[in-house]
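The values are calculated or read from the model by the stated rules, or taken from the named source; none is laboratory data. Since the model is a prediction, treat every value here as computed from it, not as a measurement. FYI the Cβ positions are ideal-geometry reconstructions off the backbone, even for glycines, and counts take in every protein chain you see.
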Amino acid sequence: MRPRRKTRQVDVGGVKIGGGAPVVLQTMTSGHTHEIDKCIADVQKLAKAGADLVRVAVPDKRDTEALRPILAASPVPIIADVHFQFQRALEAIEAGVHKIRLNPGNIQDRKQVNRVIAACKERGIPIRVGLNEGSIVERRDKELRAAEKVTLEQDYAGNLIRLMLEKLDEYLRIFDENDFHDVVLAAKSIDPRIVIDVNTAIADRYDYPLHLGLTHAGPTVTGRVRSITPLAVLLAHGIGDTIRLSYAADSIQEVEDGKELLCCLGLRSRTEPELIACPTCGRIEVDLFKLVTDVRRKLADEIDIPVKVAVMGCVVNGPGECEGADVAIFAGRGKGIIYVQGEQKQTVSQDQMLDALLAECREFATRVKRGEAQLTGADVTIAPPNPLPRPDGSVPLNVAGR
Ligand code: SF4
């Protein structure tokens, strides 16, 4: 992991983005904002799942009119997503929204953009300047559009990134002229490689915090890998201050996967149980997939601390993995052997495995809360070995960036 990039910091209703703050996880509601009760229920559900910020679209006046009750009921700061109509931004600011997402290219009149900036400046509200691959190509000027098309055909990715950077320069000049620097930048594409390259270039060029994401990642079955691959690459290189996964699915899955990504990279502390399970193979001795599904559901319902639980299908890798977990089970010939922090506790029959494992998890969690036990890994610092020198004698960085 490379050290986090140093950026300016913005404050979104008390949640800091950039400037050394933890990477912020955000998502967006998928329903109509003017359906107030449903929107509030969605925002609360997403916040409970772990979203630090929630964005809502405000295409109509009835959406901005819904913001006051939504803001009053939201446990997290709310971002208003504005396209095309600067009045929606002004109304959202007036309602007390905590951040505005704006693509200045979608608002034709510069004076209107200036009015939004002035209103945000007056109230200390940051603006995310967001570019999308789909909105970057010229739409109004036919000649310019034809010329861009020819250029893009020659080297699509390279010239698209150049165009995105030119647009960003152009937009940021507007903010500079207004002496407004409470800005978060974003440049999204549907292509993970372009997301990596354009954000790396932006990180080199500006010191504003960066919002990472793909425009439309698709259904979760493919969208997960499509989204997480570029975000993981960028975050591992210290780039990115807030993230959003964009699935064609319930936004709760964006939050769950975003949390897991940040936890895997050590950018967020785990607050819930972590479940390790083997993939199974020809040595499998039980119906492990069902057991894992049941354990996962029960742990989510019953355990509220980051207990590390392992469920293994046989004795080959089972004991070794079990010893690295807080509570673990490995199966063998119709039986399950349960370990707690490396100590063998009991052997149970196959039909008792779920209940017995959960009983041990509950008891262990109670002991942790009473201060009688410590979570495995709570104090663990991952310190990779010092790398071998290269043939020329120089020493490469190891994965921890040392
Ligand atoms: S733990 Fe056993 S069953 Fe599971 S993948 Fe490893 S060898 Fe196969």
In region 190-204, what residues are of a type in the set (D, E, K, R) and in contact (Cβ under 8 Å) with a residue 40 or more places away in the chain?
D191, D197
Only one of (1) surrounded by fewer than 21 Cβ atoms within 10 Å (Cβ to Cβ); (2) part of a loop (DSSP other than H, G, I, E, B) fails for G240. Which number is that?
(1)
Is at least one residue of region 165-177 modelled with pLDDT under 80 and either within 19 Å of I79 (Cβ to Cβ) or assigned by TED's automatic domain parsing to the domain that holds V56 (or both)?
no
Which pairs have Cβ atoms under 8 Å, sit 6 or more apart or on different chains, and link a residue in region 145-168 that is touching a residue at least 40 places away in the same chain (Cβ under 8 Å) and assigned to a helix (DSSP H, G or I) to one that is among the charged types (D, E, K, R) and surrounded by fewer than 14 Cβ atoms within 10 Å (Cβ to Cβ)?
A157/R193; L165/R205
Which is of a type in the set (K, R), modelled with pLDDT of 90 or more and in the same structural domain as A217 (by TED's automatic domain parsing), of R145, R140, R101?
R101
Condition first: farther than 21 Å from A89 by Cβ and surrounded by 12 or more Cβ atoms within 10 Å (Cβ to Cβ). Now tell me which residues in region 127-147 satisfy that.
E133, V137, E138, L144, R145, A147
Just to be sure, is L261 away from the ligand (no atom under 16 Å from the Cβ), in contact with a Ser or Thr (Cβ under 6 Å, 6 or more places away or on another chain) and within 30 Å of L53 (Cα to Cα)?
no
Restricting to region 279-311, what's the tally of residues that are touching a Gly at 6+ places or on another chain (Cβ under 8 Å) and within 12 Å of the ligand (Cβ to nearest atom)?
8
